[in-house]
Amino acid sequence: MPAHEPSSSAAAAPHFDANATRYPAEDLHAYAAALLEAAGARDDIARDTASVLLDGDLMGHTTHGLALLPGYLQALCDGSMRSSGEPTTMASSAGTQTWDGHRLPGPWLTLRALDAACEIASSQGSGTVVIRRSHHIGCLAAYAKRAAERGVMTIVCCIDPATCSVAPFGAITSVFTPNPLAAGIPTSGDPILLDISASYTTNGMTMRLFKNQQMLPQPWIQDAKGTPTHDPAVLFNEPPGTLLPLGGLEAGHKGYALALLIEALTAGLAGHGRADAAEGWGATVFVQVLDPAAFGGRAAFDRQMDWLVDACHDATPRPGGAPVRLPGERALRLHREQSERGVALYHEIMPALVQWAAKLGVDVPRPA
């Protein structure tokens, strides 16, 4: 099973370690951008890609932040990720655009798509951009956060059409990637940030656990015979096991349905996906922006969302449980705290980057 997949960071949070070595956020951004430029990326592409990856770590999504950078650097060096260029608009209407990303770095492309969708939404009320042949796009919550801070609602989802590791409900054959979906919902206070997968866990998390001889907290995967298990090693056997759809053996029809929807929004609308020849690690991407001002009005939108925020916070917790929090609440708290105190970088990340720094002649930042 390939080690990479479209971003989903829902399973990464348990691996955040507040006691890990911290580095100033601005130093990590400069470091990541310098590495990308040294590997050949154009300066604006390097800066934007570094920013999105760093956001993953700032929000505690440690498998989908700078942990991805060595793979990006390798892809730049071997030519499987383009270092410069522009997307081509293949189709457009008043409210939509379809791009060919020409395997440019996904974070840069997706930020450009978000900008374009916002611009369309400013006149049309909503704007949608789909991208075929993007490279990997990193942590989806990074885009949801940016859009919500602009006062608009966004939906971002992606697939990797070259990879399959998730079985449809009732099957043991892999068909999908984890197929992540993120949404940013503005409120009068902090936004609501969703970042979920159509599978229980991700390839990145299971690879990390396998390398460290650790187990999943629940039987979120199955072996080649369909037996659910905590052990990620079954994914690397021959024949390999598969990731279970969200809901598992009991209610996996829900994750399966979500995976199909995301395939339609990405591959279907872009006209490029699993029916085409694989080109390597990459993504087909859907970005949609909706401007509340064009519908019931921003004030009315905030009133409804604020009521829900308060109702969820006021809901009585289960006996012995913690107070209810909103999706993204912990990530935003971590983002603020780590922006001030330094990023608690997962212990495997810096050693992997130091190897690239030596190869590319880039200075390594000092801990905070």
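Details
- The calculated pair-distance distribution of segment 32-115 uses every alpha carbon pair, bins of 10 angstrom beginning at 0, and gives 18, 48, 26, 8 percent.
- Evaluated at q = 0.13, 0.15, 0.29 Å⁻¹: base-10 log I(q)/I(0), Debye formula over Cα of segment 105-148: -0.27, -0.36, -1.08
- Inter-site label distance for Asp17 and Val364 at 7 Å from Cα along Cβ, in nm: 1.6 nm
- Most mobile of Ala34, Ala94, Ala259 in a GNM of the chain (Cα contacts under 10 Å): Ala94
- Our estimate of slack between Ala322 and Ala264, defined as 0.36 nm per intervening residue step minus the Cα-Cα distance, is 17.2 nm.
- Largest GNM mean-square fluctuation across His64, His135, His272, computed for the chain with C-alpha springs under 10 Å, falls on His272.
- Annotation: Cα Rg of segment 244-346 relative to the compact-globule expectation 2.2 N^0.38 Å equals 1.54.
- Each 5 Å bin from zero holds the following percent of Cα-Cα pairs in segment 165-250: 3, 16, 24, 22, 13, 8, 6, 5, 2, 1, 0.
- Each part gets one Cα centre, and for segment 214-238 versus segment 281-355 those centres are 29 Å apart.
- The listed peptides 182-195, 15-28, ordered by packing as a protection proxy, come out as 182-195, 15-28 (highest mean of other Cβ atoms within 10 Å first).
- Helix-only arithmetic for the chain: the sum of -39500 (n - 2.57) across DSSP H runs with n ≥ 4, divided by the residue total, places the mean residue ellipticity at 222 nm at -11500 deg cm²/dmol.
- Relative to the current alpha-carbon distance between Ser123 and Ser92, full extension at 0.36 nm per residue lengthens the span by 9.7 nm.
- For the chain, the relative contact order is 25 percent, taking Cα pairs closer than 8 Å that sit 6 or more residues apart in sequence and dividing their mean separation by the residue count.
- When you filter the trypsin sites (Lys or Arg not before Pro) in segment 170-227 for DSSP loop state and at most 13 other Cβ atoms inside 10 Å of their Cβ, you are left with Lys225.
- Here the spin labels are modelled as points 7 Å beyond Cα on the Cα-Cβ line, and at Arg333 and Ser188 they lie 2.3 nm apart.
- Of the two radii for segment 298-368, the radius of gyration is 1.24 times the Kirkwood radius, both from the alpha carbons; that is the Rg over Rh value.
- Relative pair counts by distance (%), Cα atoms of segment 95-198, 5 Å bins: 3, 12, 20, 22, 19, 12, 7, 4, 1, 0
- Cα gyration tensor shape of the chain, rounded if a/c is under 1.5, else prolate or oblate by comparing a/b with b/c: rounded
Every number in this text was worked out from the coordinates using simple rules, so none of it is lab data. Remember, predicted model here, so these are calculated numbers, not experimental data. Note that each Cβ is placed from the backbone with ideal geometry, even for glycine, and that neighbours are counted across all protein chains shown.
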